[in-house]
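What follows is one structure encoded as structure tokens, with my remarks underneath.
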Amino acid sequence: QVQLVESGGGLVQAGGSLRLSCASSGRTFSMGWFRQAPGKEREFVAATTWISWSGSSTRYADSVKGRFTISRDNDKNTVYLQMNSLKPEDTAVYYCAAGGPYANGNINSWDYWGQGTQVTVAS
């Protein structure tokens, strides 16, 4: 069993930045971020999958591409989400997820979930 703990959420003005962190109790092939806004379904945000010690592959939702950056520190088993140029529509609970090498944008393809951290972007 893998435990995930998110941190870094909070209140920020539109155009500002936040950096989310997710600490894992163990290393997995894939780590990613999803978000869920009030009244909406949970949606994919970004993911990174281990390839080798030379690097990892990354993927982003079109809505955040160019604004958000996912990265990981393998020595600390921690994944980060740097969020820049934040918009009010980015307001949501952000969830960290972990899974195997084939984890993708489908929620059911991931094995473990964190408790979520609230991100609120004000106009």
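The values are calculated or read from the model by the stated rules, or taken from the named source; none is laboratory data. Just so you know, these numbers come straight off a predicted model, no measurement behind them. Here the Cβ is made from the backbone with ideal geometry for all residues, glycine too, and neighbour counts use every protein chain on show. Surface areas here come from the heavy atoms of the whole protein model, side chains and all, with no ligands, DNA or RNA. Shrake-Rupley method; radii C 1.70, N 1.55, O 1.52, S 1.80 Å.
Structure values in brief
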| read-out | value |
| --- | --- |
| Cβ-Cβ under 7 Å pairs, at least 6 apart or on other chains, the range 1-20 side closer than 15 Å to residue 92 by Cα and of a type in the set (D, E, K, R), far side in a loop (DSSP other than H, G, I, E, B) and modelled with pLDDT of 95 or more | 6/114; 6/115; 6/116; 19/8 |
| Filter result (open to solvent by less than 30 Å² (accessible area, probe 1.4 Å) and either under 17 Å from residue 2 (Cα atoms) or in a strand (DSSP E or B) (or both)) within the range 22-44 | 22, 24, 26, 28, 30, 31, 32, 33, 34, 35 |
| Qualifying residue in the range 87-104 (condition: touching a helix residue (DSSP H, G or I) at 6+ places or on another chain (Cβ under 9 Å) and in a strand (DSSP E or B)) | yes |
| Residue 109 being at pLDDT 95 or above, open to solvent by 20 Å² or more (accessible area, probe 1.4 Å) and more than 27 Å from residue 11 (Cβ to Cβ) | yes |
| Criterion: buried (at least 18 other Cβ atoms within 10 Å of the Cβ) and over 13 Å from the mean Cα position of the chain (by Cα) - qualifying residue of 79, 121 | 121 |
| Residues satisfying the stated conditions in the range 45-78, i.e. basic (Lys, Arg) and either assigned to a strand (DSSP E or B) or without any contact (Cβ under 8 Å) to a residue 24 or more places away in the chain (or both) | 59, 65, 67, 72 |
| Selected residue [more than 21 Å from residue 37 (Cβ to Cβ) and among the aliphatic types (A, V, I, L, M)] from 122, 98, 61, 92 | 98 |
